[in-house]
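Participant: Let me give you the structure first, and then I'll get to my questions.
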Amino acid sequence: MMTLSPFVLVSLSILIIAFTLILVPLFARHQKILIYVSFPLMAISSAIAVIAGIWSVAVGIPESTILSIGLPDLPFHLRLDPLSGFFLTVIGLLSFFVSIYSTGYCKGYAGKRSVTHLVIFYSLFIAGMFLVVLSDDAFFFLISWELMAIASYFLVMFEDELIENRRAAFLYLVVAHIGAIAILLSFGVLAGATGLEGFSGYTFDAMRQTEFPLKWATVAFLLAFFGFSAKAGVIPLHVWLPEAHPAAPSNVSALMSGVMLKTAIYGIIRVTFDLIKVFPLWWGAMVLVLGLITAIMGILYAIMQNDIKRMLAYSSVENIGVILIGIGLAIIFTSFHIPVLAALSLTAVFYHSINHAMFKGLLFMGAGALLHATHKKNMDEMGGLIHYMPWTSTLFLIGSISISALPPFNGFISEWLIFQAFLLSPSLNSPLLNLLIPMGAALLALTAALVAACFVKGFGIAFLGHWRGLHNPPLHRGGLEVNWPMRIGMLLPALMCLILGILPTMVIEWMDKISDELVGGKIATTAGAFGWLWLTPVAHERASYSGAIVLLWIIVVVMLVYILLHSRKTAIHRVPLWDCGFEKITPRMQYNANSFSMPIRRIFGFLFNIREQVRLSNATLHPSFPNRLYYRLRIRDRFWGWIYKPISESSYWISRKFGRLQQGYIHVYLIYSFITIIILLVFAR
Amino acid sequence: MIELYPFLIEAIQILIVLLFAPLFVGWIRMLKCWFQGRTSAGLFQPYRDIVKLFHKDVILAENASWLFRFTPYLVFGVTVLAGGIIPILSLSLPFATVADVIAIVALFAIVRFFTALAGMDIGTAFGGMGSSREMMIGSLAEPAMLMAIFTVSLISQTTSLSNMADMLIHKEFILRPSMAFALLAFVLISLAETGRIPVDNPATHLELTMIHEAMILEYSGRHLALIEWAGMIKLFLFTTIGIASFFPWGISTLPSNAAIGGLGNLISISAGIIFLILKLGFLGIGLILIETGLAKMRIFRVPEFLGGAFLLSTLGMLSYFILE
Amino acid sequence: MSINLAAQINSIMAALILLTAFGLLVQRRMYGLLHLFAWQGLFLSVSTAIVGYVSGAHHLYISSILTLALKVVLIPYILHFLIRQLHIHKEVEQLVNVPTTMLIGIALVIFSYYLTAPIRELSTLVTRSTLAVALATVMLGLLMMITRRHAVTQIIGFLALENGLFFAATSATYGMPLVVELGVALDILIAAFIFGIFFFQIRTTFDSLDVEQMTKLKEED
């Protein structure tokens, strides 16, 4: 008789996914039933995983098991400890919401294309993510990692009739595999350094028990960081992200942006804090600087985008940067042996990970709803949708507020914690760092403010104003609203954003075991010392914040003022828009996406590769009154020209050189093999 | 049992915020008139303006959404909340622990976020222009503002405004270059954040120069009254943040509980009010000296202006480590 | 006046010197530059006097008065005269834009702090912490000479650099011997005169004081 434990639950959840996969061929002919069966099953499986995750973090005792499949010498090891439990919760939560959403979203494909592929790879993708955080040896980790990567590759390819989707998927595949190779090498270095015979060095347990010499630890860390960065989209390895995320169906983009990137964060934390356990200062400094660059560049690129999904993808790059800032600070604090502050930074990292999963998932689902309703991705062809999609617009607004780090929602909590960590850096015993680290805080503040600008643009252009499209606006108010499963799928993460924003003490208390296990420091004893209402990391005289009171106050005052003002009769007159005595105002006179971001483009223009073209057609009346005016703006990522073009060109060049080896004669190939064998024999002697 | 005294003081403070803000604006306008050799409309004109607007009907564009109507209430509510947190009369307000100074900056960010959205809601060119410019200025002002505040909080080892002020009052007074830099930076940022000359002109509706006014151009009646009032409170609050973090002397430091006794509290609170009035009077003169002496900048000079503010606050932080 | 208070005032002076150095870096107008330079001289003079008071080295008072006379009155006056004579009081162009210059300046300050940190540990003087500011002022002066294209601004950059050196001397060692200082002061004065003469020469040769014009002197291939 098996007793119920988190591990049993998570096994159950994976079994349900397997069961779903078995069901798929049965319903392949009945697409609608397939959607109605498979996605709810996935939602159930995810919900069970969430329970398992929450439970395992709360209990705090690792559970592990060994499956008797795998390599002869290396069976699959699985382990559920608080760290994996936390990421399991994050992945499970979002995939629960997204699965509900997908039930409605995929109906849009019914009758147009077969969703069988989508269902198969969607299930495999989620299973892959679950297994990544559960695996406890290098081999199984990489298998799960590949499962996740390949499944998501096919999901990006789902609408493969468009050439840009195929290109995006290919780019994604290449970058993902370069990253995977680096991770593989890193594990190889670690396994070699354990000094164990055969494959037994490849288990995480063996690595955990080894004291790595600094030299090998550095090599392994750099390789692993490179590999995971490629997955997370750290600048300059981010180029695939804004291509692949918009190409995928929106429910998949929500998962990719919201949680797949988090598996890379999980990998970095697992390898650094759990396996290597060596913390030279410069690792932390490097991660911090890369995080800052990623954050600031990511959001600047996001502001420049007009495609709503690309904007969200770049904003994910920015959030990964914020998370890396926290990791960098944690490494720095650990290298100075200040566990409490390291715990504070790690808590901020975890909090931001779950926050980002919630609001980015919500925003991508919102973008999916826009796509579903208007069949457009370009914000400049939307506008005024707040009248046609009241639910979606409100939920998208909540996502925008949360991501812009505005109280009382959740984004503010994690950003506030990171600021607190920054401000505690003077306790480091290094004058130069004391001087430099607060500069990072300023950059983070700039990032946060730019995020607000970015999402004012995103929400304002897409949902406010008049309809900007070329064709006539949709018919009646509320007429474009999406179906109920999609609404619920978005409503739940929006609620989570609020809950995470007003109950941070409870969440931090729950997740405190993770940082305790990783860096040996806790903050909950101080964080909740002033009562559950007040978040007080470090000490209550140092800083405190209460999201619940902010929310309550806003509600009370708004209602009070509203009632006071409406006790007397002053009417509201609805009138046409005042047009300054001019002719009728047309929607084309509104600020559009390009014009909104113009001031910021002008200030930070030097960071981009911008080409602006204005052409006037010949005027009939006077040079000042041209008939037509053409404006073309092209903004490119500079990193593409700096890094990727040289690499791709040089690899073409090398391939052409190697092309000469290819003669087409079978004899020549035989000679190659023969020479290879001879050389190998010489070396193997 | 919950004590009543602290909440009484809190209520008095919020009342003072609500009432003094228009008065402060009236004082500034009066001074400005005097400096420019005009006759002023009197100290109480802002009250009359607000009351007049409250009595008027609302003219609303056909395509205004709920967001447009909700924004004035939210803006007003959030601003008043900030007014309850900043130590204006007493250092031991019950609300002081609700938000530290970073959170107060974030509260002002909410105001900006929603005002900018409301500006885009109607879909006129002016609204979009105002929102776009406001977000640009805001995104540059915010890091500078946080840098200036970080400098002060490095000295006082806290980010809670009340504790910052408490530190300053009770520690031995030292001439600190870092504080001077931070103050200078804070003044520049406050000019930008509250939309004063040289960044924005609160008295103009000239299309090329307006920023804040462009966003709220479509408001009327009680909505406009709320937004205007909140704007006045915002100016007042920035001044009091400056007072709390740089010249806190005079704010009541008594722990506000019954043990001290009502009378003691009453005296120290009224002394606090008198100090506040004096400080506001002087700061108003300072503000007007700046406003009269400078011309409004071109919009693309504003980044340089805010860059200067950022430089000053950074120098403040550097000189804290280098010189102190 | 207690030593402690004197040290505080000295720190304030150091901060103001740093501020004026940054001001010189970003100021566009010629007269503005001149005024800032004069202010810097004034702060330097006050700081020197305070160091003199703290250390009891009375020759520093003479240096202080000398600084006041030369750098606050005489040289600004000469430059003022030159600017008026040559009609060059309009805005000065910069080779690098203002925000970038500021960021480089901040980096230089951090760098000089990093450089002088060991000295700070060793030294026991009250004024030791201002050494970083002094070094930063030297570097900022040099940066100003690099980023400006006008001859007069380059001179001001050079003089600011010299201010930094002087400040370094007072803060690190309580001043150089009086003879050396007198010599340096004389040098500066003569340099200012010679520059003045050169300006007229450059002006008559190129019709401009833009140092970019000097590229014309290069021999064509």
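The values are calculated or read from the model by the stated rules, or taken from the named source; none is laboratory data. Worth saying up front: this structure is predicted, and the values here are computed from it rather than measured. As a convention, Cβ positions derive from the backbone with ideal geometry for all residues, glycine included, and neighbour counts pool all protein chains shown. Each accessible area value is taken on the protein alone, full model and side chains, heavy atoms only, with ligands, DNA and RNA left out. Shrake-Rupley method; radii C 1.70, N 1.55, O 1.52, S 1.80 Å.
Participant: Binned at 20 Å from 0, what are the whole-percent values of the Cα-Cα distance distribution for the protein assembly as shown, short to long?
Facilitator: Bins of 20 Å from zero give 10, 36, 36, 15, 2, 0 percent of pairs.
Participant: Would you calculate the convex hull of the Cα atoms in the range A:75-147 and tell me its volume per residue in Å³?
Facilitator: Taking the convex hull of the Cα positions in the range A:75-147, it is 74 Å³ per residue.
Participant: Cut-off under 16 Å on the C-alpha distance; same-chain residues fewer than 8 positions from B:Lys234 excluded. Which aspartates and glutamates are left, in chain and number order?
Facilitator: Qualifying aspartates and glutamates at Cα under 16 Å: B:Glu134, B:Glu142, B:Glu193, B:Asp200, B:Glu213.
Participant: Hey, another quick one. Can you list the aspartates and glutamates whose alpha carbon sits under 17 Å from that of A:Lys513, skipping same-chain ones fewer than 8 residues off?
Facilitator: Cross-link targets: A:Glu63, A:Asp81, A:Asp274.
Participant: While we're here: Most fluctuating residue of C:Phe195, C:Phe37, C:Phe166 in a GNM of chain C with Cα springs under 10 Å: which is it?
Facilitator: Taking springs between Cα atoms under 10 Å, the residue moving most is C:Phe195.
Participant: Rg over Rh of the range A:590-639, using C-alpha atoms and the Kirkwood radius, what does it come to?
Facilitator: Rg divided by Rh gives 1.10.
Participant: Once the Cα gyration tensor of the range C:3-213 is found, what semi-axes does its equivalent ellipsoid get, as square roots of 5 times the eigenvalues, in whole Å, sorted largest first?
Facilitator: Numbers: eigenvalues 180, 80, 34 Å².
Listed largest to smallest, the semi-axes of the range C:3-213 are 30, 20, 13 Å.
Participant: GNM on chain C, C-alpha springs below 10 Å: top fluctuator among C:Leu36, C:Leu142, C:Leu122?
Facilitator: Sorting by GNM fluctuation, first place goes to C:Leu122.
Participant: Answer with one residue from B:Leu263, B:Phe150, B:Leu283: the one whose Cα lies farthest towards the positive end of the charge dipole of the range B:5-323, charges on Cβ with Lys, Arg +1 and Asp, Glu -1.
Facilitator: Farthest towards the positive pole: B:Leu283.
Participant: Further question on the same structure: On a C-alpha basis, how far is the centre of the range C:24-101 from the centre of the range A:4-45 in Å? Whole number, if you could?
Facilitator: About 78 Å separates the Cα centre of the range C:24-101 from the one of the range A:4-45.
Participant: How much net charge surrounds A:Ile268 when only the other residues with a Cβ under 11 Å from the Cβ of A:Ile268 are counted, with Lys and Arg +1 and Asp and Glu -1?
Facilitator: My count for the surroundings of A:Ile268 gives +2.
Participant: For A:Lys360, which aspartates and glutamates qualify as cross-link partners when the Cα separation must be under 14 Å and same-chain residues fewer than eight apart are set aside?
Facilitator: A:Glu318
Participant: I'd like the distance separating the alpha-carbon centroids of the range B:16-32 and the range B:71-129, in whole Å.
Facilitator: Centre-to-centre distance over Cα atoms comes out at 19 Å.
Participant: Something else: Among A:Gly366, A:Ile265, A:Tyr591, whose Cα lies farthest out toward the positive end of the dipole of chain A, if unit charges sit on the beta carbon of Lys, Arg (+1) and Asp, Glu (-1)?
Facilitator: Working it through, the farthest residue towards the positive pole turns out to be A:Tyr591.
Participant: Under a Cβ-Cβ cut-off of 14 Å, what is the net charge of the residues other than B:Ala103 that fall near it, where Lys and Arg count +1 and Asp and Glu count -1?
Facilitator: Counting the neighbours of B:Ala103, the net charge comes to -2.
Participant: Computed over the Cα atoms of the range A:169-235, what is the ratio Rg over Rh, Rh following Kirkwood?
Facilitator: 1.06
Participant: Using bins 20 angstrom wide from zero, how does P(r) for chain A break down, in % of all Cα pairs?
Facilitator: With a bin width of 20 Å, the distribution comes to 17, 50, 28, 5, 0, 0.
Participant: Can you give the charge dipole size of the range B:5-323 about its Cα centre, rounded to the nearest 20 debye, using +1 on the beta carbon of Lys and Arg and -1 on the beta carbon of Asp and Glu?
Facilitator: 560 debye
Participant: Here's another thing I want to ask about it. Express the Stokes-Einstein translational diffusion coefficient of the range B:5-323 in µm² s⁻¹, to the nearest whole number, given a Kirkwood radius over alpha-carbon pairs, 10 °C and a viscosity of 1.306 mPa s.
Facilitator: 78 µm²/s
Participant: Quick one: of B:Lys52/B:Lys296; B:Lys296/C:Lys71; A:Lys377/A:Lys584; A:Lys262/A:Lys309; B:Lys32/B:Lys296; A:Lys215/A:Lys277, which pairs are farther than 22 Å apart, Cα to Cα? List each step's numbers first, then the result.
Facilitator: Working: B:Lys52/B:Lys296 30 Å; B:Lys296/C:Lys71 34 Å; A:Lys377/A:Lys584 28 Å; A:Lys262/A:Lys309 19 Å; B:Lys32/B:Lys296 15 Å; A:Lys215/A:Lys277 13 Å.
From the list (B:Lys52/B:Lys296; B:Lys296/C:Lys71; A:Lys377/A:Lys584; A:Lys262/A:Lys309; B:Lys32/B:Lys296; A:Lys215/A:Lys277), the Cα-Cα distance tops 22 Å for B:Lys52/B:Lys296; B:Lys296/C:Lys71; A:Lys377/A:Lys584.
Participant: Quote the accessible area belonging to A:Thr65 in square angstrom, nearest 10, computed with a 1.4 Å probe and with ligands, DNA and RNA left uncounted.
Facilitator: The accessible area comes out at roughly 50 Å².
Participant: Okay, next question. Can you list, bin by bin at 10 Å, the percent of alpha carbon pairs in the range B:41-141, starting at 0?
Facilitator: Bins of 10 Å from zero give 13, 31, 35, 19, 2 percent of pairs.
Participant: With +1 on the Cβ of every Lys and Arg and -1 on the Cβ of every Asp and Glu, and nothing else charged, how large is the dipole of chain A about its Cα centre, in debye rounded to the nearest 20?
Facilitator: So the magnitude is around 2340 debye.
Participant: Keeping all protein chains in place, calculate the accessible area per residue for the range B:5-323 (probe 1.4 angstrom), answer in Å².
Facilitator: Roughly 32 Å² per residue, with all protein chains present.
Participant: Net charge near A:Pro485: determine it from the other residues with C-beta under 15 Å of the C-beta of A:Pro485, scoring Lys and Arg +1 and Asp and Glu -1. Don't skip to the answer; put the middle values down first.
Facilitator: Numbers: positive: A:Lys32, A:Lys107, A:Arg487; negative: A:Glu481.
The answer is +2.
Participant: Per-residue accessible area for C:Tyr174 at 1.4 Å probe radius, Å² rounded to 10?
Facilitator: Surface accessible to solvent at C:Tyr174 totals approximately 40 Å².
Participant: Given a 1.4 Å probe, how much area per residue of the range A:642-684 is accessible, in Å²?
Facilitator: Per-residue accessible area for the range A:642-684 comes out at 96 Å².
Participant: How long, wide and thick is the range A:107-155, going by the Cα atoms along their three principal axes, in whole angstroms, largest first?
Facilitator: The principal-axis extents, from largest down, are 44, 15, 10 Å.
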